[in-house]
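The values are calculated or read from the model by the stated rules, or taken from the named source; none is laboratory data. Values in this document were obtained by computation on a predicted structure and should not be read as measured data. We place every Cβ from the backbone using ideal geometry, glycine too, and count neighbours over all the protein chains shown.
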Amino acid sequence: MNSLAKSLLKSVRRGRSARLRSSSAGSGEQRARSLVLGIETSCDDTGAAVVDDAGCVLGEALHCQNQVHLQTGGIIPVVAQRLHRENIEQVVQEALRVSGVSVPELSAIATTVKPGLALSLGVGLQYSLSLVNRYQKPFIPIHHMEAHALTIRLTHHLDFPFLVLLLSGGHCLLAVAQGVSDFLLLGQSIDIAPGDMLDKVARRLSLRKHPECQSMAGGKAIEHLAQSGDLERLTLPLPMKQYRNCNFSFCGMQNLVNNAIAHKEKEEGIQEGEILSCAQDIAAATQHAVAVHIIQKTYRAMLFCIKNSILPSKNAALVVSGGVASNQYIRKGLQNLADANDFAFLCPPPRLCTDNGIMIAWNGIERLRAGLGVLHSTDGIRYEPKAPLGIDISKRVEEDSIKVPRLKEIRWLAT
């Protein structure tokens with residue numbers, strides 16, 4: 001059974017259970033439900049789902065390209081585009097079939113149009129517009145990061161405002177969600193994202209050749225090996241310590257790790273591409289440095305929001321989402337940070353942290369309810385590979401110059 005067939009089979013099972021939950025909630029439902037089809041193709045996953053306005057996932061399907069890109073050492077945009085084109089029809093039709101909903105019954109079609117890989121976004125937009133125009137349905141363009149941020153409102157009862165940290169292979173940002181399509185951007189990565197850095201370190205360590213990591217994506221391989229590593233064997237200075245802002249930087253950290261790997265290879269007398277005996281230690285130190293950098297910036301964001309009454313002094317919440325949020329070491333550090341500062345800590349389940357059609361459909365439901373960005377004409381609609389989230393107030397954060405307490409707890413929080 002190929003990967004598409006396996007993923008679609010899983011989707012059928014999930015869709016059936018979701019429909020059972022929905023029907024058990026009340027079979028005598030009279031009012032007309034809002035039904036949104038969500039389509040996601042921003043990077044290397046082709047996802048589709050049908051969600052109703054009660055938050056019931058009626059059907060979904062997902063095709064992952066992980067194994068293909070693992071073989072090539074990274075995502076190649078033209079390959080991702082080809083795979084999206086080959087699979088989008090099957091994925092969307094399977095999500096609809098499992099849901100028992102036909103396109104004419106949909107209230108709207110929601111699709112990721114920004115940000116992401118241009119070639120990938122184009123496939124999803126083109127397919128969606130063909131459905132929209134054929135069936136004369138409203139179209140809801142979705143900001144990928146907004147969808148990640150609002151997924152928590154599908155899985156938990158959470159009111160605005162809340163602090164959100166989005167961590168993935170392509171993005172890293174801190175923002176306050178004040179409402180649907182209403183965000184204050186506190187800080188973001190000025191270079192690469194943490195997931196990208198972890199993947200690159202894994203490639204530099206040649207972890208695909210490691211007997212324990214051959215089928216794992218880079219970030220997963222780092223997390224796995226780090227469990228048996230000694231993070232004290234390699235000290236990595238934290239970046240941007242002199243800047244009292246909420247921006248992130250991982251490029252310099254990656255260079256330091258690469259230099260350390262080269263030094264260890266020389267010590268052990270091996271060539272690049274061979275496995276170091278201390279690969280576990282390097283993985284542990286790298287993961288730890290990434291976690292502490294993220295924790296310190298998040299800590300400053302908390303202090304800034306409370307000081308400026310952007311979040312309530314009581315019952316504030318920290319939401320963490322995106323693919324890197326699945327890393328249990330980083331998640332545990334952030335959990336402890338939230339606990340120490342009386343913040344509720346909320347994460348979507350791991351399968352909803354990575355890219356999927358459910359989060360796009362749910363974002364569509366949120367926008368439909370709020371009457372925001374629902375288009376009845378798609379003239380001039382374009383995808384946007386780069387697109388900021390909300391209003392950027394990162395300069396104001398820096399001007400406040402909030403010092404994060406240098407406590408032992410900061411290190412403890414990530415251990």
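Contact annotation: residue pairs with Cβ atoms under 6 Å, 6 or more positions apart or on different chains, pairing a residue in the range 108-132 that is over 15 Å from Ile360 (Cα atoms) with a partner that is among the charged types (D, E, K, R) and at pLDDT 95 or above, are Val123/Arg85.
Of all the residues in the range 212-223, those that are surrounded by fewer than 24 Cβ atoms within 10 Å (Cβ to Cβ), touching a Ser or Thr at 6+ places or on another chain (Cβ under 9 Å) and touching a residue at least 24 places away in the same chain (Cβ under 8 Å) number 1. Against the list (1) crowded, with 19+ Cβ neighbours inside 10 Å; (2) modelled with pLDDT under 95, the condition Ala48 fails is (2).
Scanning the range 193-211 for residues that are in contact (Cβ under 8 Å) with a residue 24 or more places away in the chain and surrounded by fewer than 21 Cβ atoms within 10 Å (Cβ to Cβ) gives Lys200, Arg203, Arg204, Ser206, Arg208, Lys209, His210.
A search for C-beta distances below 7 Å between a residue of the range 32-52 that is outside any strand (DSSP E or B) and any residue that is acidic (Asp, Glu), counting only pairs 6+ apart in sequence or on different chains, returns Arg33/Asp52; Arg33/Asp53; Ser34/Asp52; Ser34/Asp53; Ser42/Asp355; Cys43/Asp355. The set of residues in the range 144-179 that are crowded, with 22+ Cβ neighbours inside 10 Å and either part of a strand (DSSP E or B) or in contact with a Phe, Trp or Tyr (Cβ under 6 Å, 6 or more places away or on another chain) (or both) comprises Phe162, Leu163, Val164, Leu165, Leu166, Leu167, Cys172, Leu173, Leu174, Ala175, Val176, Ala177. Within the range 183-213, the only residue that satisfies the criterion of being over 22 Å from Phe248 (Cα atoms) and either among the acidic types (Asp, Glu) or part of a strand (DSSP E or B) (or both) is Glu212. In the condition set (1) in a helix (DSSP H, G or I); (2) under 14 Å from the mean Cα position of the chain (by Cα); (3) among the acidic types (Asp, Glu), Asp355 is compliant with all but (1).
Considering Leu318, Leu303, Leu352, Leu346, which residue is buried (at least 23 other Cβ atoms within 10 Å of the Cβ) and not small (Gly, Ala, Ser)? On inspection, the qualifying residue turns out to be Leu318. Does Ile222 meet the test of being of a type in the set (Val, Ile, Thr) and under 30 Å from Pro161 (Cβ atoms)? When the stated conditions are applied, Ile222 does not pass them. Taking the range 64-86 as the range and being surrounded by 13 or more Cβ atoms within 10 Å (Cβ to Cβ), modelled with pLDDT under 85, assigned to a helix (DSSP H, G or I) and of a type in the set (S, T, N, Q) as the test, only Asn66 passes.
Within the range 53-63, being surrounded by fewer than 21 Cβ atoms within 10 Å (Cβ to Cβ) and either part of a strand (DSSP E or B) or touching a residue at least 60 places away in the same chain (Cβ under 8 Å) (or both) holds for Asp53, Gly55.
Number of residues in the range 99-118 that are closer than 21 Å to Thr354 by Cα and surrounded by 15 or more Cβ atoms within 10 Å (Cβ to Cβ) equals 9. In the range 262-300, the residue that is surrounded by the most Cβ atoms within 10 Å (Cβ to Cβ) out of those that are hydrophobic (A, V, I, L, M, F, W, C) and outside any helix (DSSP H, G or I) is Cys278. Looking at the range 121-137, is at least one residue surrounded by fewer than 22 Cβ atoms within 10 Å (Cβ to Cβ), of a type outside the set (Ser, Thr, Tyr) and assigned to a loop (DSSP other than H, G, I, E, B)? For the range 121-137, residues surrounded by fewer than 22 Cβ atoms within 10 Å (Cβ to Cβ), of a type outside the set (Ser, Thr, Tyr) and assigned to a loop (DSSP other than H, G, I, E, B): present. Against the condition more than 26 Å from the chain's Cα centre (by Cα), modelled with pLDDT of 95 or more and either surrounded by fewer than 22 Cβ atoms within 10 Å (Cβ to Cβ) or under 30 Å from Val292 (Cβ atoms) (or both), how does Ser394 come out, does it pass? No; evaluated as a whole, the condition is false for this residue.
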